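**Q** Following this message is one structure expressed as structure tokens.
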Amino acid sequence: MSVLLEVADVNVHFGGVRAVDGIDFDLETGCLYGLVGPNGSGKSTLLGALSRMTNLTSGRLVFAGEEYQTYSPAKTARMGIGRTFQAVRLIPGLSVLENVMLGGDARTAGVGIFANWLLPWRTRNCERSCREGAMEAIERLELTGLEKRTAGMLPYGTQRRVEIARALAAKPDLLLFDEPTAGMNREERDEVGEVMRSLRGQGLTQVLVEHDMQMITEVCDYVFVMNFGKVIAQGDPEAVVADPLVQEAYLGKRGSKNATA
Amino acid sequence: MNAWYSAHVVLFQTTAIYAVLALSFQVVLRSGVFSFASVGFFGIGAYVSANLAKHGVSGVLSMIIVFVGSAIFGYALSLPLVRLRGLYLGMVTFAFDQILIVVANNGGTYTGGPVGLFGIPFDVSTLELFIVAAICLLLVSQLERRSIGRSISVLRVDEQLARSMGVEVNRQRNFIFALSAALGGLAGVLNTFNFSTIAPGGFGFDLIVAGLTMAVVGGIGSWLGAVIGALIVVWFPQVFTFVGSYKAIVYGVLVILVVAYEPGGVLGLLQRGVRAIAALIEKRSSGGAEVPVEEKKVVPSVPPPATTPQKGVTA
Ligand SMILES: Nc1ncnc2c1ncn2[C@@H]1O[C@H](COP(=O)(O)OP(=O)(O)O)[C@@H](O)[C@H]1O
Ligand SMILES: [Mg+2]
């Protein structure tokens, strides 16, 4: 298998806080990775670093052979790295369809502001493919029928699915999910897990930050465990969850209870 | 009717000019760029076109020169300002306006000092004013469509999200600033051509208040809001004459009310009304028995848990 993303000795320090402390790993194309760890262990900061929204203190990032640790977040997104956020971040006043289409715009923004503004014939095709991509993503997350609804008025779990649809509409090559199922019920989690499995089947590389161990073991191919900004364990999900070191650092005494929650 | 029109023609002309100024404000505010520079560019456009007219430059050419010139100047100005946000940008652009007033007061024969310039040998017909305003409306309305429309909506609400969607935020802000400058300058040109006069008092604090009022009260969401705002600001004092010298206070109160209760402005209010009526009609025609479209699975709006998998972990 080929390496899609190479993370080499990446550090993100905030003053004295080593939020990400010497992370080193390769992600292979088409795999679904889990990223777990207690709160404050640096998972979100690491995703921020990978999507270039957080500046690295040091380290190297290589995506599909291209070194990109100096790129802008926008360029990184256009290059094919998509992400979702830990908190819901939709544009509440826009419709579901418009919110999802925003994702698709990531790849058409390259046409330039002028063409986008005054040359409608240059953007007609972009707009059409953006709409098609958005409809596909909407269907995939079973949001069909809600396209015209105002995003801000929808229930929380539905808004989360709109976010995932938006990330998908960008047709990324690497998708980073930051706790995408927080606040969802079991049924919805399973549904999102299924979407991820099917995306994996299509060869999409994904990183899933998740606290739900059941979801991690069911969905992921490989798991990284972080604590204090470092990877403290990695490997097969079942084995990692059973690792006493991980139990102690992350799952604590509630370990078994959490795993079956 | 005709007599009424002749009696009010100045108001029609002012509406067209103010609509262009309102667009200049609306364009930046809609993008979340809190700038008062429009009024400074209004002054620049007014004085530059007066001087050009003295040298016999035609009206159309003068408009083009000011539009392009203001865009370039605005772009250059935005380069150091692009990192400023909110109130800080507001203060800097306010200072920019004030500096230009000082320049106008001390500009010698180019500006006519505190008295200003008058008897500027150029005239523009009311129809021409409206044509120019219509072109500006068309230009701005194109910013509300498709991908560029969406990206600007995101820019106002969540800049970081815009970045993650591939929008080059700073580049977009520079562009918006330049367009706003060009529109502000153009409004100044129209003002000079129409009234044949310009003085430092003509682009002072009052004009900032008027511009903000038009954009905010009309509704910053769309070019239509700017039109509504211009209509309100120009015709309101005419209809409610008792307002008279308390205009600034009334505008201030209006802006506060809108910001507090209806951020979409009058336009937002109208849109809500239209939607409500449409929903009512739909309900009637379907026999009134229809249940609102149901989501596939409505989750009881669970608040996001604090995502604490265990207690006692501190990192
Ligand atoms: N912008 C920031 N400034 C300072 N400290 C930060 C910032 N962002 C995160 N941190 C700190 O970095 C650590 C890791 O946070 P985070 O990546 O959000 O953890 P996780 O997502 O695993 O819960 C925490 O100690 C947090 O307080
Ligand atoms: Mg986090």
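The values are calculated or read from the model by the stated rules, or taken from the named source; none is laboratory data. A quick note: this is a predicted structure, and the numbers were derived from the prediction, not measured. All Cβ positions, glycine included, derive from the backbone under ideal geometry; neighbour counts span all protein chains shown. Please note that ligands, DNA and RNA were not included when accessible areas were found on the heavy atoms of the full protein model with its side chains. Shrake-Rupley method; radii C 1.70, N 1.55, O 1.52, S 1.80 Å.
**Q** From B:Ser62, B:Ser70, B:Ser49, grab the single residue that is modelled with pLDDT of 95 or more and buried (at least 22 other Cβ atoms within 10 Å of the Cβ).
**A** B:Ser70
**Q** Now a separate question. Considering each of A:Gly34, A:Gly40, A:Gly59, A:Gly16 in turn, give the residue that is of a type outside the set (A, V, I, L, M, F, W, C), within 10 Å of chain B (Cβ to nearest Cβ) and within 16 Å of ligand 1 (Cβ to nearest atom).
**A** A:Gly40
**Q** Then there is this: Mind checking which pairs have a first residue in the stretch A:172-188 that is facing chain B (nearest Cβ under 10 Å) and a second that is among the small types (Gly, Ala, Ser) and away from ligand 1 (no atom under 15 Å from the Cβ), Cβ under 6 Å, 6 or more apart or different chains?
**A** Close Cβ pairs (under 6 Å, with a partner that is among the small types (Gly, Ala, Ser) and away from ligand 1 (no atom under 15 Å from the Cβ)) amount to A:Met184/A:Gly157; A:Glu188/A:Gly157.
For every residue, the table says whether it meets (1) open to solvent by less than 20 Å² (accessible area, probe 1.4 Å); (2) under 10 Å from the mean Cα position of the chain (by Cα).
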position	(1), (2)
A:Arg160	yes, no
A:Ala165	yes, no
A:Phe177	yes, yes
A:Pro180	yes, yes
A:Gly183	yes, no
A:Arg189	no, no
A:Leu199	yes, no
A:Leu208	yes, yes
A:His211	no, no
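**Q** Which of the residues that make up the stretch A:70-81 are outside any helix (DSSP H, G or I) and either polar (S, T, N, Q) or within 16 Å of ligand 1 (Cβ to nearest atom) (or both)?
**A** Correct list: A:Thr70, A:Ser72.
**Q** Of the conditions (1) surrounded by fewer than 22 Cβ atoms within 10 Å (Cβ to Cβ); (2) touching a helix residue (DSSP H, G or I) at 6+ places or on another chain (Cβ under 6 Å); (3) touching a residue at least 60 places away in the same chain (Cβ under 8 Å); (4) outside the structural domain of A:Ser2 (by TED's automatic domain parsing), A:Val219 satisfies every one except a single condition; which number is it?
**A** Failing condition for A:Val219: (1).
**Q** I need a count of the residues in the stretch A:145-171 that are of a type in the set (S, T, N, Q) and facing chain B (nearest Cβ under 8 Å).
**A** Residues meeting the conditions: 1.
**Q** Checking A:Tyr68 against (1) more than 10 Å from chain B (Cβ to nearest Cβ); (2) surrounded by fewer than 24 Cβ atoms within 10 Å (Cβ to Cβ); (3) closer than 25 Å to A:Gly183 by Cβ, which test does it fail?
**A** The single condition A:Tyr68 does not satisfy is (3).
**Q** Mind listing whichever residues of the stretch A:207-227 are under 20 Å from A:Gly82 (Cα atoms), assigned to a loop (DSSP other than H, G, I, E, B) and within 14 Å of ligand 2 (Cβ to nearest atom)?
**A** A:Glu210
**Q** From the list B:Glu128, B:Glu168, exactly one residue is over 18 Å from the mean Cα position of the chain (by Cα) and more than 10 Å from chain A (Cβ to nearest Cβ). Which is it?
**A** After ruling out the rest, the residue left standing is B:Glu128.
**Q** Oh, and also: What residue, of A:Leu199, A:Leu245, is closer than 30 Å to A:Phe14 by Cβ, more than 13 Å from every other protein chain (Cβ to nearest Cβ), assigned to a helix (DSSP H, G or I) and more than 16 Å from ligand 1 (Cβ to nearest atom)?
**A** A:Leu245
**Q** Within the stretch B:136-162, how many residues turn out to be touching a helix residue (DSSP H, G or I) at 6+ places or on another chain (Cβ under 7 Å), open to solvent by 40 Å² or more (accessible area, probe 1.4 Å) and within 19 Å of B:Phe34 (Cβ to Cβ)?
**A** 2
**Q** In the set A:Leu46, A:Leu32, which member is touching a residue at least 12 places away in the same chain (Cβ under 8 Å), closer than 15 Å to A:Asp9 by Cα and open to solvent by less than 10 Å² (accessible area, probe 1.4 Å)?
**A** A:Leu46
**Q** Determine whether the stretch A:87-96 contains at least one residue that is part of a strand (DSSP E or B), within 16 Å of ligand 2 (Cβ to nearest atom) and surrounded by fewer than 17 Cβ atoms within 10 Å (Cβ to Cβ).
**A** no
**Q** State whether one or more residues within the stretch A:97-105 are of a type in the set (Gly, Ala, Ser), surrounded by fewer than 23 Cβ atoms within 10 Å (Cβ to Cβ) and farther than 28 Å from A:Ser41 by Cβ.
**A** No, the stretch A:97-105 contains no residue that is of a type in the set (Gly, Ala, Ser), surrounded by fewer than 23 Cβ atoms within 10 Å (Cβ to Cβ) and farther than 28 Å from A:Ser41 by Cβ.
**Q** Tell me, yes or no, whether the stretch A:11-26 has at least one residue that is under 21 Å from A:Gln206 (Cβ atoms), of a type in the set (A, V, I, L, M, F, W, C) and either open to solvent by 10 Å² or more (accessible area, probe 1.4 Å) or more than 13 Å from ligand 2 (Cβ to nearest atom) (or both).
**A** Yes, there is a match, as at least one residue in the stretch A:11-26 is under 21 Å from A:Gln206 (Cβ atoms), of a type in the set (A, V, I, L, M, F, W, C) and either open to solvent by 10 Å² or more (accessible area, probe 1.4 Å) or more than 13 Å from ligand 2 (Cβ to nearest atom) (or both).
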